[in-house]
Amino acid sequence: MTLHSVSESGVDVENCADINWDEIGFSPVPTDFMYVMKCAKGDNFSEGSLVPFGNIEINPFATIINYGQGIFEGLKAYRTEDGHIVLFRPEQNAQRMKMGADRFCMPSPSIDQFINAVKQTALANKRWVPPLGKGSLYIRPLLMGTGASLSVVPAPEYTLVVYCTPVTNYHKGALNLKVESKFYRAISGTGGTGGIKSVTNYAPVYAATTAAKADGFSDVLFLDSATGKNIEEVSACNVFVVKGNSICTPEANGAILPGITRKSIIEIALDLGYQVMERAVSLEEMLDADEVFCTGTAVVVNSVSSVTYKETR
């Protein structure tokens, strides 16, 4: 696993922003710059540029607004002990964005263009990278159809915007999950969009998560739509089930997101001698597990304290 250095040569000694780093949470904090690059349909992305962070002007007929033609990524920049700023496996995010762009008939930046855009954004906002141990700089590359279309067809123009905010943990402490048996986050199998970071994948979970949080739960665990018997994902992270020396996680077969933290945990677990299986995991099997934990860019690695299914906790 590789860390990409963002800092210029030498140790980055620039002071951090003058804010209370213990109170940043996981919500937008306006930073200094964002990176923008554009592409017409059928062309390749040209080199972009940094602009001051701010609102975006967009045509009301843009396909991102009307038809949800957009995908995004999420990754983090960290400050190291010696003051350097590093990124974790950004080439994996670039490859995943290309996969999603192909599915949505959008052009995508090259891997080098993607990494360069992310690095420039992190470097331009380096004072917003929290001190060591205080959090990270969450970076959000958003690829969207910004050209106007009334017909249900791919946009004539596309924009990649990379912006960021300092964050701490998405969840505070171990998770108390509610198993959702009414709503589903994706259709099962390879025909849907559950396996890409489509902007359309997230609002549909609001009804379930809002109700669960009102009842005191941390988040919702969704089941597969085909049988309603196998676990798939929490609202914004992957899930792992541990039993003895075996670690199981639902297979990334098109319905769940192939998380980069997920992939990294699988590689680490194999190196540590665990038996790791990517396969269907039944709800019954999970309820009998020794341990359950979740992974993702936002949650990092987070243990699960309890799972509640209907009246069983």
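Dipole check for the chain: with +1 at the C-beta of Lys and Arg, -1 at the C-beta of Asp and Glu, and the Cα centre as origin, the magnitude is about 520 Debye. 3J(HN,Hα) along the range 296-303, derived from phi through the Karplus expression 6.51 cos²θ - 1.76 cosθ + 1.60 where θ = phi - 60°, amounts to x, 4, 6, 7, 6, 10, 10, 6 Hz, with x in place of Gly and Pro. Three principal axis extents describe the C-alpha atoms of the range 152-234; from largest down they are 44, 38, 18 Å.
For the range 123-143 and the range 58-111, write down the distance between their C-alpha centroids in whole Å. If you average the Cα positions of each part, the centres end up 15 Å apart. Taking a point 7 Å from the Cα of N59 along the Cα-to-Cβ direction, the residues of the range 142-165 with backbone N closer than 18 Å to it are 143-161. The residues of the chain present an accessible area of 47 Å² per residue when probed at 1.4 Å with all protein chains retained. In order along the range 47-64, the phi-based Karplus estimate (6.51 cos²θ - 1.76 cosθ + 1.60, θ = phi - 60°) of 3J(HN,Hα) comes to 5, x, 8, 7, 9, x, 4, x, 5, 10, 8, 8, 5, x, 8, 4, 5, 5 Hz; Gly and Pro are listed as x.
Dividing the mean sequence gap of close Cα pairs (under 8 Å, 6+ apart) by how many residues the range 216-263 holds gives a relative contact order of 25 percent. Can you give the % of DSSP beta bridges in the range 139-247 that are antiparallel, to the nearest 5? If I count the DSSP bridges inside the range 139-247, around 75 percent turn out antiparallel.
The relative contact order of the chain, computed from alpha carbon pairs under 8 Å that lie at least 6 residues apart in sequence, is 18 percent. In this simple spin-label model, placing a label point 7 Å from the Cα along the Cα-to-Cβ direction at both V301 and S46 gives a separation of 4.5 nm.
The three principal axes of the Cα atoms in the range 1-128 give end-to-end lengths of 44, 31, 24 Å, sorted in falling order. You can think of it this way: the chain between T200 and V242 has 12.0 nm of extra reach, that is 0.36 nm per residue less the Cα-Cα gap.
Out of all DSSP beta bridges in the chain, what portion is antiparallel? Express it as a percent rounded to 5. Of the beta bridges lying entirely in the chain, close to 80 percent run antiparallel. As a size descriptor, the averaged projected area of the C-alpha convex hull of the range 22-83 was calculated at 7.1 nm².
Take the Cα of D82, step 7 Å toward its Cβ, do the same at K38, and the gap between the two points is 4.2 nm. Per the Debye formula on identical point scatterers at the alpha carbon atoms of the chain, with no solvent, log10 I(q)/I(0) at q = 0.07, 0.08, 0.13, 0.15 Å⁻¹ is -0.29, -0.38, -1.02, -1.30. Note that the range 157-313 shows a convex hull volume over its alpha carbon atoms of 135 Å³ per residue. Each residue of the range 107-194 gets 188 Å³ once the volume of the Cα convex hull is shared out per residue. Of the residues T295, S282, T312, the one whose Cα sits farthest towards the positive end of the charge dipole of the range 272-313 is T295 (charges of +1 on Lys and Arg Cβ, -1 on Asp and Glu Cβ, taken about the Cα centre). Split the accessible area of the chain by element, probe 1.4 Å, and carbon with sulfur accounts for 53%. Remark: relative contact order (the range 146-240) = 25 percent; criterion is Cα-Cα distance under 8 angstrom and separation of 6 or more residues.
The 3J(HN,Hα) values that the Karplus relation (6.51, -1.76, 1.60; θ = phi - 60°) gives for the range 261-270 are, in residue order, 5, 4, 4, 5, 5, 4, 5, 5, 4, 4 Hz. Gly and Pro appear as x.
The values are calculated or read from the model by the stated rules, or taken from the named source; none is laboratory data. These numbers come from a predicted model, not from an experiment. Note: ideal-geometry Cβ built from the backbone for every residue, glycine included; neighbour counts use all protein chains shown. Side chains are part of the model used for accessible areas, which takes the heavy atoms of the whole protein and leaves out ligands, DNA and RNA. Shrake-Rupley method; radii C 1.70, N 1.55, O 1.52, S 1.80 Å.
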